[in-house]
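Notes for the one structure printed next.
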Amino acid sequence: MDYVVIAYLYLAILLYLLLGGADFGAGIIELFTSRHNRRVTHETLYQAIGPIWEANHMWLIIAIVILFVGFPRIYSVMSVSLHIPLLLLLLGIIARGTAFVFRHYDAVHDRMQSVYATIFVYSSLVTPLFIGIIAGSALAGYVDPAAPDFLSAYVWSWLHWFGVAVGVFTVALCGYLASVYTIGEATTEADRLRFIRKTRLLIVVAFAAGALVFVAARYEGLPLARWIFGNLVGLTAIGLATISLGLLWYVLARGLTWLPRVLAGFQVTMILLAVGYAHFPSFIRLRNGPHLSLLEQLAPARTIEALGWALLLGSLFILPALGYLYYSFQHVSRPPSPEPEAALPGARTL
Amino acid sequence: MDDFLAARSQMALSLGFHIIFSCIGMVMPFFMAVAHYFWLRTQDITYKNVTRAWSKGVAIFFATGAVSGTVLSFELGLLWPRFMEHAGPIFGMPFSLEGTAFFIEAIALGFFLYGWDRFNPWFHWFTGVVVGISGLASGILVVAANAWMNSPAGFDYVNGQYLNIDPIAAMFNDAWLSQALHMTLAAFAATGFAVAGVHALMLRRGRNTGFHTRAFRIAAAFGAVAALLQPLSGDFSAKDVARRQPAKLAAMEAHFHTEKRAALVLGGLPNEDKQRVDYAIKIPGMLSFLAHGNFEQEVTGLDRIAPQNRPPVVVPHLAFQIMVGLGTLMMGIAAVYFLALWRKKQWLTSRWLLGLFVAATPAGFIAVEAGWTVTEVGRQPWIINGVMRTADAVTPMPGIAYSFYLFTAVYLSLSLVVVFLLYRQIRMVPQLYDVPAGTPEAAHA
């Protein structure tokens with residue numbers, strides 16, 4: 001059952017990155033869209049993520065619950081040493097989640113809309129930045145539960161070039177996922193071409209940000225290249241990701257909806273696989289070498305047993321329902337909702 | 001402000017904020033499902049409007065409840081890492097099940113909010129019911145986790161070690177049933193009265209009476225039934241607390257001295273130094289009866305609790321008085337409402353009855369917060385009753401006060417925005433849902 005729980009932990013992190021990440025990306029794209037096109041972009045994205053966006057963020061809760069039930073020591077060390085970035089992440093989550101809903105459910109459409117929109121787009125940028133910083137800090141080896149002073153215990157644990165670079169890379173990946181997703185949701189040919197251009201730009205940005213991570217790793221003295229390319233799995237994963245990126249570039253303009261999405265999701269999965277494999281079973285590298293290992297920090301067997309069953313049974317309910325939700329709301333050319341309020345000035349539909 | 005106090009204040013603030021949103025997010029779907037059912041059965045468009053108007057409120061509350069709940073799952077570790085390190089594997093079971101329930105709620109809410117005219121109407125209605133049921137389940141599961149802190153079970157505590165962990169036994173601890181029942185009824189009563197109060201206010205102003213009458217009746221019925229049942233569950237809870245946590249019972253009743261034929265202390269201001277209660281009304285024997293079902297039985301007072309293990313008295317006692325007082329008031333209003341429904345139909349449209357509901361709008365939520373205060377402050381100085389002290393669980397990170405100030409500012413502004421949004425929703429009702437004069441609807445109203 002140990003491996004079932006560990007698999008679900010990685011699955012939850014992956015799905016949060018893919019689905020929640022595309023959600024963050026929606027806000028990031030909106031931030032980098034000219035004023036002229038912002039409205040179309042916003043509405044297309046909203047069509048795409050509106051019904052599913054709450055569910056996308058549940059993966060974070062699943063991941064955190066698995067951590068505190070199954071790996072309490074890891075959760076506790078992270079909570080103490082990475083307190084500050086976690087706090088900033090939470091502020092981002094609060095701001096983004098509420099601004100998103102407020103702007104769509106405010107009954108009156110006035111200047112408040114631009115307040116909500118501003119909060120939404122900036123928190124969409126900041127939240128994945130800190131997710132990346134936290135992820136980078138788990139690898140970087142500056143977390144030190146025995147640190148003697150405030151700065152090394154609570155600040156240098158996460159504030160380093162490698163963490164920042166992983167943060168920027170995460171932001172770029174989110175934007176890239178969202179832009180690939182939007183292509184299939186475009187309602188006009190002009191929009192579609194615009195989204196394709198944006199995707200190509202974001203591929204370049206994500207590639208550059210990925211390179212930045214290696215530069216930062218080198219600067220911090222982390223043998224990242226050896227970790228990732230030093231084994232067959234990592235090498236294959238990155239190879240496949242690169243091939244599928246080329247393929248994606250080629251098929252982008254072909255008017256396909258699903259292939260680009262699958263390819264983009266595949267790439268992100270491969271990147272996570274390469275990093276995760278290089279480090280498994282380590283989850284957090286501590287200062288001066290020791291690791292917090294997923295295999296060593298497991299909760300007592302009966303807890304893992306119960307948690308594993310809860311996850312397996314829970315997925316029997318969640319996965320089909322979630323699949324049906326995505327299936328039901330994937331059609332682009334749906335008829336506009338024939339609601340009476342649609343025609344009313346000052347009011348907006350769901 | 002020292003770090004320990006700041007951490008406790010931040011936790012209290014976060015939970016106090018979350019509890020309101022989660023109650024509404026858990027109960028409103030049931031109101032919606034009833035209105036939706038009437039729409040599907042009667043094709044009375046006003047019921048559809050009520051359902052849609054409420055569903056926007058639910059979307060706002062659900063999202064706010066979901067983010068504040070996400071925050072809490074991190075805050076447990078950010079503020080109480082030593083507690084979570086030991087407690088996580090023991091009381092985590094309800095949290096892992098709650099994750100599933102909450103996930104299903106989010107999925108069902110997606111179907112419900114965006115599913116108008118896309119699905120079979122009864123399937124769409126059913127997704128709304130699933131939102132309610134899974135919301136209720138996740139509420140009960142979270143309360144079961146809290147109950148474990150009051151009534152730890154499912155492990156042996158030997159020389160500072162937590163051994164023989166049994167997460168299932170921990171979930172079904174002694175306190176879970178009484179707490180889950182009390183909290184569920186409280187959520188229904190509080191939300192019912194709050195929603196009914198808002199619609200009653202609109203009715204008193206004579207606005208959109210068809211719309212608001214239907215909405216008011218659904219909310220008032222739920223609230224009134226729950227308010228009438230709540231004293232029974234309160235009695236069950238009191239006897240349970242008397243058995244499991246005599247120190248908490250003594251604190252909430254301001255019962256300083258162990259005695260037989262113990263008196264119930266109504267109101268008053270406890271004086272902890274002098275071990276007495278000033279300005280109180282005392283009913284001899286009543287506390288013995290309420291706690292143990294027998295007017296003569298001895299009730300443990302705070303004098304039997306070692307000084308270092310005594311909870312504060314003033315806060316739990318006053319909070320308990322507020323909760324019981326408001327609960328009694330709501331029960332009274334509920335009784336009048338049912339009398340009106342069965343015997344005095346003319347009262348239903350009277351200004352005074354509506355006025356009672358308007359006055360009681362915040363009563364349920366104040367009672368919920370007060371009850372929450374009783375159960376949390378009454379457990380101090382323990383975070384796990386009798387096992388781990390709250391002071392030993394707090395994070396070693398200094399400067400928590402700043403994080404507390406930050407969260408206060410954030411939650412305060414969020415509350416203001418939510419109130420502002422609800423105000424705008426209600427103000428838009430005439431434009432969104434008015435039925436033109438001359439239709440059968442208008443005549444009915």
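The values are calculated or read from the model by the stated rules, or taken from the named source; none is laboratory data. Please read all numbers here as calculations on a predicted model, not as lab measurements. We place every Cβ from the backbone using ideal geometry, glycine too, and count neighbours over all the protein chains shown. In case anyone asks, the SASA skips ligands and DNA or RNA and just uses the protein heavy atoms, side chains included. Shrake-Rupley method; radii C 1.70, N 1.55, O 1.52, S 1.80 Å.
Taking the Cα centre of the protein assembly as shown as origin, sum charge times position over the Cβ atoms of Lys and Arg (+1) and Asp and Glu (-1), and report the length of that vector in debye to the nearest 20.
So the dipole magnitude of the protein assembly as shown works out to roughly 1820 debye.
How big is the charge dipole of segment B:3-434 about its Cα centre, in debye rounded to the nearest 20, if each Lys and Arg gets +1 on its Cβ and each Asp and Glu gets -1 on its Cβ?
1760
Where does chain A land at 222 nm, in deg cm²/dmol rounded to the nearest 500, when only DSSP H runs of n ≥ 4 count, each adding -39500 (n - 2.57), divided by all residues?
-24000 deg cm²/dmol
In segment A:97-117, what residues drop by 20 Å² or more of accessible area when the other protein chains are put back, versus the chain on its own? Use 1.4 Å, and skip ligands and nucleic acids.
At a threshold of 20 Å² (probe 1.4 Å), the residues of segment A:97-117 that become less exposed are A:Thr98, A:Val101, A:Phe102, A:Tyr105, A:Asp106, A:Ala107, A:Val108, A:Met112, A:Tyr116.
Around B:Val410, what is the net charge, scoring Lys/Arg as +1 and Asp/Glu as -1 over all other residues with Cβ under 13 Å from its Cβ?
0
What residue among A:Pro85, A:Phe266, A:Ser293 has its Cα farthest toward the positive end of the dipole of chain A, where the charges are +1 on Lys, Arg and -1 on Asp, Glu, each on the Cβ?
A:Phe266
Could you work out the per residue convex hull volume over the alpha carbons of the protein assembly as shown, in cubic angstrom?
162
Cβ under 12 Å from B:Ser350's Cβ, B:Ser350 left aside: what net charge do those residues give with Lys, Arg +1 and Asp, Glu -1?
Overall, the nearby charge balance is +4.
Once phi is turned into ³J(HN,Hα) by the Karplus curve 6.51 cos²θ - 1.76 cosθ + 1.60 with θ = phi - 60°, what whole-Hz value does each residue of segment B:45-53 show in order, with x for glycine and proline?
These are the phi-based 3J(HN,Hα) values: 4, 4, 5, 5, 4, 4, 4, 5, 5 Hz.
With chain B treated as a Gaussian network of Cα nodes joined by springs under 10 Å, which of B:Val417, B:Val313, B:Val241 yields the largest mean-square fluctuation?
B:Val417
By how many degrees, 0 to 90 and rounded to 10, does the Cα axis of helix A:72-81 deviate from the longest principal axis of chain A?
Approximately 80 degrees, to the nearest ten.
What are the extents of the Cα atoms of chain A along their three principal axes, listed from largest to smallest and rounded to whole Å?
Largest first, chain A extends 63, 40, 40 Å along its Cα principal axes.
Step through the residues of segment B:265-274 one at a time and calculate ³J(HN,Hα) from phi using the Karplus curve (6.51 cos²θ - 1.76 cosθ + 1.60, θ = phi - 60°), rounding each to whole Hz and writing x for Gly and Pro.
Computed from phi, the couplings for segment B:265-274 are 9, 9, x, x, 10, x, 10, 5, 5, 8 Hz.
Report the accessible surface area buried between chains A and B, summing both sides, using a 1.4 Å probe on protein heavy atoms only, in Å² rounded to the nearest 100.
Summing both sides, the interface buries roughly 6300 Å².
Once you've got the GNM for chain A with C-alpha springs shorter than 10 Å, pick whichever of A:Gly210, A:Gly246, A:Gly136 has the biggest mean-square fluctuation.
Residue with maximal mean-square fluctuation among A:Gly210, A:Gly246, A:Gly136: A:Gly246.
Can you find, among A:Tyr10, B:Asn150, A:Ala55, the residue farthest towards the positive end of the dipole of the protein assembly as shown? Put +1 on the C-beta of Lys and Arg, -1 on that of Asp and Glu.
Toward the positive end, the furthest listed residue is A:Ala55.
Okay, helix-only estimate at 222 nm for chain B: each DSSP H run of n ≥ 4 adds -39500 (n - 2.57), divide by all residues, round to 500 deg cm²/dmol; what do you get?
When only DSSP H runs of four or more count, the value is -24500 deg cm²/dmol.
Which loop-located trypsin sites (Lys or Arg not before Pro) does segment B:292-375 contain, where loop means any DSSP state but H, G, I, E or B and the Cβ has at most 10 other Cβ atoms within 10 Å?
Those satisfying the criteria are B:Arg343.
For A:Val143, list long-range residues whose amide hydrogen, built 1.01 Å from N in the peptide plane, is under 5 Å from its own amide hydrogen.
Here the answer is A:Arg287, since their amide H atoms fall under 5 Å of that of A:Val143.
Using the crude model of +1 on Lys and Arg Cβ and -1 on Asp and Glu Cβ, and no other charge, please compute the dipole size for chain A relative to its Cα centre, in debye to 20.
With only Lys, Arg, Asp and Glu charged at Cβ, the dipole is about 740 debye.
Given 4 °C and 1.567 mPa s, compute D for segment B:3-434 with the Stokes-Einstein relation, Rh being the Kirkwood radius over Cα pairs; round to the nearest whole µm²/s.
56
For A:Phe283, enumerate residues with amide H under 5 Å from its amide H, sequence gap 5+ or separate chain, H modeled in the peptide plane.
A:Leu292, A:Ser293, A:Leu294
Using a 1.4 Å probe on the protein heavy atoms only, what accessible surface does B:Ile281 show? Give it in Å² to the nearest 10.
Spelled out: B:Ile281, probe radius 1.4 Å, area about 110 Å².
Exceeding 32 Å between C-alpha atoms, which entries from my cross-link table qualify? They are B:Lys282/B:Lys345; B:Lys239/B:Lys274; B:Lys48/B:Lys345.
Where the Cα-Cα span goes over 32 Å, the pairs concerned are B:Lys282/B:Lys345.
Lys/Arg Cβ at +1, Asp/Glu Cβ at -1, dipole of chain A taken about the Cα centre: which of A:Val101, A:Thr236, A:Ser76 is farthest positive-ward?
Of the options given, the answer is A:Thr236.
Between the helical axis of B:363-377 and the dominant principal axis of chain B, each derived from Cα atoms, what acute angle in degrees is found, rounded to the nearest 10?
With both axes taken from Cα atoms, the answer is about 20 degrees.
Calculate, for segment B:1-152, the solvent-accessible area per residue in square angstrom, rolling a 1.4 angstrom probe over the heavy atoms of the protein chains.
26
³J(HN,Hα) across segment A:247-260 via Karplus (A = 6.51, B = -1.76, C = 1.60, θ = phi - 60°), whole Hz, x for Gly/Pro?
Karplus-based 3J(HN,Hα) across segment A:247-260 equals 4, 4, 4, 6, 8, 3, 7, 8, x, 8, 9, 8, 4, x Hz.
If amide H atoms are built 1.01 Å from N in the plane of the peptide, which residues on other chains or at least 5 residues away come under 5 Å of the amide H of B:Val277?
Amide H neighbours of B:Val277: B:Asn271.
Within a Cβ distance under 9 Å of B:Thr390, other residues only, what is the Lys/Arg minus Asp/Glu net charge?
Neighbour charge sum, excluding B:Thr390 itself: +2.
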